[in-house]
Amino acid sequence: MKRICFATNNPHKLEEVRTILGDRFEVQSLSDIGFDGELPETHETLEENSQEKAQYLFNKFQMPIFSDDSGLEVSALNGRPGVHTAHYAGDRNADKNMDKVLSELSPSDSRDAQFRAVVTYIDSSVERQFEGIIKGSIAPEKTGEDGFGYDPIFIPEGYDQTFAELSADVKNTMSHRKRSVEKLAAFLNQLN
Ligand code: IMP
């Protein structure tokens, strides 16, 4: 089984990715490889931040690494919160972040939105990026208890419930993370 580190401190992301990759790969967390610092995220795009995190860890640990930088992009807000998704209301408080998005949308605005994830994979011979997108809309208010981050206000296309109301199994069939990580898995499988 190929051992590979997923560069995240987010336990929700880790659990989702382990479920998506199943037993095809041994996915190690940052704490599994002995890293307890903060990862740099100094850029203004998901692509650059994703690359920066993977590169930083590869330089330190010289092992196969993949990172995920993800965000919510709302059409009527010109793509915000985008790269600022985690800290939109100033800190990593999900409730305040969601309230800010809800308050910025006026009744006549389109509710169209998407989650986008950019995964960067780096090992000693290759570097690749993979994108995953799930389109949907912003709910009128926060609904549902499960999931994390903005799940209570995101309704995926084709459904009438938020990610926080849908089961994790359903979310994992279609999420931005699922779509990006499946592309990574296909790439890794064809390497071996
Ligand atoms: P990152 O850790 O810098 O990639 O920030 C991503 C942020 O986007 C997270 O902290 C969440 O707030 C949000 N986010 C990413 N993926 C999801 C998801 O699947 N559901 C809800 N929020 C998400």
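Residue under question is G71, and the condition is that it be within 11 Å of the ligand (Cβ to nearest atom), modelled with pLDDT of 95 or more, within 13 Å of the chain's Cα centre (by Cα) and surrounded by fewer than 19 Cβ atoms within 10 Å (Cβ to Cβ); does it hold? No, not satisfied.
For the stretch 22-38, enumerate the residues that are away from the ligand (no atom under 16 Å from the Cβ) and either touching a residue at least 24 places away in the same chain (Cβ under 8 Å) or part of a helix (DSSP H, G or I) (or both). G22, D23, R24, F25, E26, Q28, D32, I33 - these are the residues of the stretch 22-38 that are away from the ligand (no atom under 16 Å from the Cβ) and either touching a residue at least 24 places away in the same chain (Cβ under 8 Å) or part of a helix (DSSP H, G or I) (or both). Anything in the stretch 39-67 that is within 15 Å of A117 (Cα to Cα) and not in a loop (DSSP other than H, G, I, E, B)? List them, or say none. Result: L46, E47, E48, N49, S50, Q51, E52, K53, A54, F66, S67.
Pull up the stretch 147-179, narrow it to residues that are of a type in the set (D, E) and outside any helix (DSSP H, G or I), then point me to the one that is farthest from the ligand (Cβ to nearest atom). Selected residue: D160. Filtering the stretch 97-118 for residues that are touching a strand residue (DSSP E or B) at 6+ places or on another chain (Cβ under 6 Å), assigned to a loop (DSSP other than H, G, I, E, B) and surrounded by 16 or more Cβ atoms within 10 Å (Cβ to Cβ) leaves an empty set.
Out of G71, G79, one residue alone is under 26 Å from D146 (Cα atoms) and part of a strand (DSSP E or B). It is G71. Screening the candidates A94, A89 for the property of being crowded, with 17+ Cβ neighbours inside 10 Å, within 12 Å of the ligand (Cβ to nearest atom) and within 20 Å of I155 (Cα to Cα) yields one hit, A94. Within the set E15, E41, E104, the sole residue that is within 12 Å of the ligand (Cβ to nearest atom), over 17 Å from L184 (Cα atoms) and of a type in the set (D, E) turns out to be E41.
The values are calculated or read from the model by the stated rules, or taken from the named source; none is laboratory data. Source: prediction; values computed, not measured. Virtual Cβ from ideal backbone geometry, glycine too; neighbours counted across all protein chains shown.
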